[in-house]
Amino acid sequence: MVNQYLYYPDGSLKEASGGGIAYRCEYTENGLLKSKASSGKILLDYGYDKNRNLSSLTDVTGKTVRYVYDAMDRLKRVEDVPQGTALAKYEYTDSGRIRALEYGNGVRSEYRYGDDGMPSGLVTVTPAGEVVLNYDYAYDGNGNCTKKRGERFQNEDTYDRMNRLAGAVYNGECEKYTYDRAGNRLGKETEKGRESYAYNAKNQLTRLEKGGKATD
């Protein structure tokens, strides 16, 4: 399968095609994504408020989701239209960080932060009080996340001198990454094989090779 991409002069994606399907993107005068269409039919339609925040999203079936913000332009509530049923509700700390996220089904996630303001933990609880997630995080001196621990796993990441992800260990499986001078990822190597990437002069992805098969 060959994927093709076309861009506007400003670098915004105009068209993407592959597997017999083509998508076209339209933008507002301010450069915000307005719609995504295929075969002349709008698949997604985006609306924005006066502060350029995403205020609504309508899919191909006509279902609309509304986004509500507080006075500081922080996302406060996501709701179904026209019922107004809450799909998600957000709470923030005094410093503006997310303190809690509650989903429409009552599942609630609470976040902890260290003295440096970096996330140090996450706990997710069901309405019945069952803990389904409990993570702890660690960072290096540059603020890169180096460890993520849970009850059943531990992930470890390493970074190069430019703070780019150089290696990762996920439950014992290792991955390594390489980059070009512009910072684009050139390769990803795992125990299962290698992926390589190519870019044009605008640093836009033009080619992906995986398992000896190339996609342009």
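Here are some notes:
- Scanning the range 35-83 for residues that are acidic (Asp, Glu), in a strand (DSSP E or B) and either surrounded by fewer than 15 Cβ atoms within 10 Å (Cβ to Cβ) or modelled with pLDDT under 95 (or both) turns up Asp59, Asp80.
- Some residue of the range 6-27 being among the polar types (S, T, N, Q), in a strand (DSSP E or B), farther than 30 Å from Gly84 by Cβ and in contact (Cβ under 8 Å) with a residue 12 or more places away in the chain: yes
- Residue in the range 111-132 that is more than 28 Å from Asn163 (Cα to Cα), of a type outside the set (Ser, Thr, Tyr) and surrounded by 15 or more Cβ atoms within 10 Å (Cβ to Cβ) present: yes
- Within the range 173-216, the set of residues being among the small types (Gly, Ala, Ser) and under 21 Å from the mean Cα position of the chain (by Cα) comprises Gly183, Gly187.
- Single unsatisfied condition, Val2 versus (1) at pLDDT 95 or above; (2) under 21 Å from Gln204 (Cα atoms); (3) loosely packed, with under 14 Cβ neighbours inside 10 Å: (1)
- Scanning the range 174-216 for residues that are exposed (fewer than 11 other Cβ atoms within 10 Å of the Cβ) and either in a strand (DSSP E or B) or basic (Lys, Arg) (or both) gives Arg181, Lys192, Gly193, Lys202, Lys213.
The values are calculated or read from the model by the stated rules, or taken from the named source; none is laboratory data. Just so it is clear, the model here is predicted, and its values are computed rather than measured. Cβ sites come from the backbone with ideal geometry, for glycine too, and all protein chains shown count toward neighbours.
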